[in-house]
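Here's the structure, in structure tokens; my notes come after.
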Amino acid sequence: MKRLLFLLLSLFLPVLAFAGPDPDPARFDKEIVAFDAADAKTPPEKGGIVFTGSSSIRLLDLKKVFPGLKALNRGFGGSHISDVNHYLDRCLLRYEPSLVIFYCGGNDLWDKKSPEQVEEDFAEFQRRLFEKCPQAKLIVMAVRPSPQRVSIRDKEADLNARFKKAAETDKRITYVAGSCDRFVDKNGTAIPELFVGDGLHMSDAGYAIWKELLTPLLPKY
């Protein structure tokens with residue numbers, strides 16, 4: 001019996017060791033309430049375009065980067081994919097989008113979650129999106145290397161490979177590798193001018209790359 005218990009633990013402990021705790025999603029209550037208020041004031045049309053995810057989405061000035069594009073920005077900075085999933089009805093699904101642009105996962109890795117755990121959260125996101133909106137398209141922006149987070153580059157590459165695999169197995173998903181590849185030089189070092197002073201968030205030059213990458217994938221506007 002003891003031997004059996006040891007064998008079972010040896011199977012499950014490696015998995016458990018990879019699991020990092022989900023942060024409390026309640027820290028974003030104010031941001032989500034602000035989405036509610038904006039929707040109550042000007043109800044969005046269903047079937048449109050929604051950008052969602054963490055701070056790279058939240059800081060994206062849609063009017064500046066994609067002038068004329070009718071889209072909603074429902075990013076909230078510092079979020080994990082688990083946070084997006086917690087608020088998924090209120091930050092995405094209620095709009096019944098036809099196209100979703102998604103950037104998230106880097107904060108998860110930085111907070112000690114494993115690529116395997118983040119992949120599971122993304123699988124939940126993907127499943128719930130397509131259950132609600134089976135005809136929707138999903139654009140996944142690769143996690144971007146940054147000067148501040150050099151220590152997790154291998155984990156970022158691992159997670160991006162998992163995003164790429166998800167896109168290869170579902171034709172509704174487009175994986176944008178350039179969101180990673182275009183932000184490093186030939187030596188694999190993050191290009192400083194593509195980031196603001198914190199070494200983490202994108203500068204205007206970084207968002208210009210996103211515009212170049214995304215414009216061919218968006219409806220003409």
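The values are calculated or read from the model by the stated rules, or taken from the named source; none is laboratory data. Being a predicted model, the structure only gives us computed values, none of them experimental. Neighbour counts run over all protein chains shown; Cβ positions are idealised from the backbone, glycine included.
As for region 103-112, it holds no residue that is at pLDDT 95 or above, in contact with a Cys (Cβ under 6 Å, 6 or more places away or on another chain), closer than 17 Å to S56 by Cα and of a type in the set (A, V, I, L, M, F, W, C). One residue alone among G77, G47, G20 is of a type outside the set (S, T, N, Q), closer than 22 Å to A205 by Cα and not in a helix (DSSP H, G or I), and that residue is G77. Out of the residues in region 174-188 that are under 19 Å from A208 (Cα atoms) and more than 16 Å from the chain's Cα centre (by Cα), which is surrounded by the most Cβ atoms within 10 Å (Cβ to Cβ)? Looking at the filtered set, the residue picked out is F183.
When restricted to residues that are closer than 25 Å to L200 by Cβ and either surrounded by 21 or more Cβ atoms within 10 Å (Cβ to Cβ) or touching a residue at least 12 places away in the same chain (Cβ under 8 Å) (or both), region 123-152 contains 15.
Of everything in region 207-221 that is part of a helix (DSSP H, G or I) and among the aromatic types (F, W, Y), the residue that is surrounded by the most Cβ atoms within 10 Å (Cβ to Cβ) is W210.
Say we look at region 50-74 and pick out the residues that are assigned to a helix (DSSP H, G or I) and within 12 Å of the chain's Cα centre (by Cα); which of these is nearest to G206 (Cα to Cα)? Break it down into steps so the answer makes sense when it comes.
Here is the first cut: in region 50-74, the residues assigned to a helix (DSSP H, G or I) are 55-58, 62-65.
Now restrict to residues that are within 12 Å of the chain's Cα centre (by Cα): 55-58.
Details: S55: 13, S56: 10, I57: 12, R58: 14 Å.
If we take residues in region 50-74 being assigned to a helix (DSSP H, G or I) and within 12 Å of the chain's Cα centre (by Cα), then S56 is nearest to G206 (Cα to Cα).
Whether any residue in region 155-173 is touching a residue at least 60 places away in the same chain (Cβ under 8 Å), surrounded by 15 or more Cβ atoms within 10 Å (Cβ to Cβ) and either in contact with a Ser or Thr (Cβ under 9 Å, 6 or more places away or on another chain) or not in a loop (DSSP other than H, G, I, E, B) (or both) is what I want to check. So far as region 155-173 goes, no, none of its residues is touching a residue at least 60 places away in the same chain (Cβ under 8 Å), surrounded by 15 or more Cβ atoms within 10 Å (Cβ to Cβ) and either in contact with a Ser or Thr (Cβ under 9 Å, 6 or more places away or on another chain) or not in a loop (DSSP other than H, G, I, E, B) (or both).
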